[in-house]
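The values are calculated or read from the model by the stated rules, or taken from the named source; none is laboratory data. These numbers come from a predicted model, not from an experiment. No Cβ is skipped: glycine too gets one built from the backbone with ideal geometry, and neighbour counts run over all protein chains shown.
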Amino acid sequence: MTPKHQARPTRVSEVYERIRDLIVRGRVAPGVRLVEAQIVDRLGVSRTSVRAAMQRLHQEGYVTGVVVGKRTRPVVAPLTAEDARELFSMVAEIEGLAAERAAELESGLRHALVADLSYINDHYRRAAVARVQKGDELYALDTRFHRRYVEAGAGPRLIALHDAIKPQIERYIRIYQTALHEAIQTSVVEHGAIVAEIATGSGRGAQEAVRTNWRNAAKRLRMVIGSRGETGTW
């Protein structure tokens, strides 16, 4: 049995997910101080669960510490151009390696992968030009597209790296899709280039197409951050 003073893993995960969701959706703004007592009251959970969840959020870069006087206060991590550049570059390399391997699959598996990617990208294109754009749908389709070739080509170690890094860019992707609607069509075209390289079996071509997609996304995001300013910095 779990001692009373320890938080149950499932409860910690629930608290983590709820706080993370508030952060990535912008409901708790970058730079805002996270007060333990307020979180306990809002979520109706124990301080132990909140502390464990906050530790995980800190490790994953969603929360950082700001020194105020003699104490360090936890705050929502800022959105900065440098942080975005680093994260996007890491994802580009991880997914690029997976795409290279996916392009080298035997023809039957590769053709099935190409069909799936084309189907997802077509839905992404349609969602992007819909009269009423749904942020959650756009994010889900984009994530599904990239994850499909990653799972097809990556081994367990690469998958583990992807699982650790990719979720950290969700905040940036959501801002990008909200602020740059017209750029989503460019992303659709870049996705098509990835599919085409995989279809021809060009590993190097697929890797470079993925890198190009993420590099360009990072450039477009820097434009947004440059015009709006970095948020949450002290």
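Consider only pairs whose beta carbons are under 6 Å apart and that are at least six residues apart or on different chains; among these, list those whose first residue lies in the stretch 183-199 and is acidic (Asp, Glu) and whose second residue is in a helix (DSSP H, G or I).
Glu190/Asn213; Glu197/Gly205; Glu197/Ala206; Glu197/Ala209
Looking at the structure I just gave you, is Tyr119 assigned by TED's automatic domain parsing to the domain that holds Ala199, exposed (fewer than 15 other Cβ atoms within 10 Å of the Cβ) and at pLDDT 95 or above?
In short, yes.
Could you tell me which numbered condition Ala112 fails, if it satisfies all but one of (1) modelled with pLDDT under 95; (2) more than 17 Å from Gly96 (Cβ to Cβ)?
Result: Ala112 passes all but (1).
Can you say whether Ile173 is surrounded by fewer than 18 Cβ atoms within 10 Å (Cβ to Cβ) and within 24 Å of Arg20 (Cα to Cα), as far as the supplied structure shows?
For Ile173, the condition - surrounded by fewer than 18 Cβ atoms within 10 Å (Cβ to Cβ) and within 24 Å of Arg20 (Cα to Cα) - is not met.
Across the stretch 38-89, what is the total count of residues that are acidic (Asp, Glu), over 30 Å from Arg222 (Cβ atoms) and surrounded by 14 or more Cβ atoms within 10 Å (Cβ to Cβ)?
Result for the stretch 38-89: 0.
Give me the residue from the stretch 13-43 that is in a loop (DSSP other than H, G, I, E, B) and among the β-branched types (Val, Ile, Thr) and, out of that set, modelled with the lowest pLDDT.
For the stretch 13-43, the residue satisfying everything is Val28.
Looking at (1) of a type outside the set (Ser, Thr, Tyr); (2) part of a helix (DSSP H, G or I); (3) outside the structural domain of Glu197 (by TED's automatic domain parsing), which is the only condition Val67 fails?
Only one criterion in (1) of a type outside the set (Ser, Thr, Tyr); (2) part of a helix (DSSP H, G or I); (3) outside the structural domain of Glu197 (by TED's automatic domain parsing) is unmet by Val67, namely (2).
Could you say whether any residue in the stretch 150-172 is at pLDDT 95 or above, out of contact with any Cys (no Cβ under 7 Å at 6 or more places or on another chain) and aromatic (Phe, Trp, Tyr)?
No, the stretch 150-172 contains no residue that is at pLDDT 95 or above, out of contact with any Cys (no Cβ under 7 Å at 6 or more places or on another chain) and aromatic (Phe, Trp, Tyr).
From the list Ala92, Ala98, which one is crowded, with 16+ Cβ neighbours inside 10 Å, in contact with a Gly (Cβ under 6 Å, 6 or more places away or on another chain) and not assigned by TED's automatic domain parsing to the domain that holds Glu60? Don't jump to the end; show me each part of the working.
Values: Ala92 fails: in contact with a Gly (Cβ under 6 Å, 6 or more places away or on another chain).
Of Ala92, Ala98, the one residue that is crowded, with 16+ Cβ neighbours inside 10 Å, in contact with a Gly (Cβ under 6 Å, 6 or more places away or on another chain) and not assigned by TED's automatic domain parsing to the domain that holds Glu60 is Ala98.
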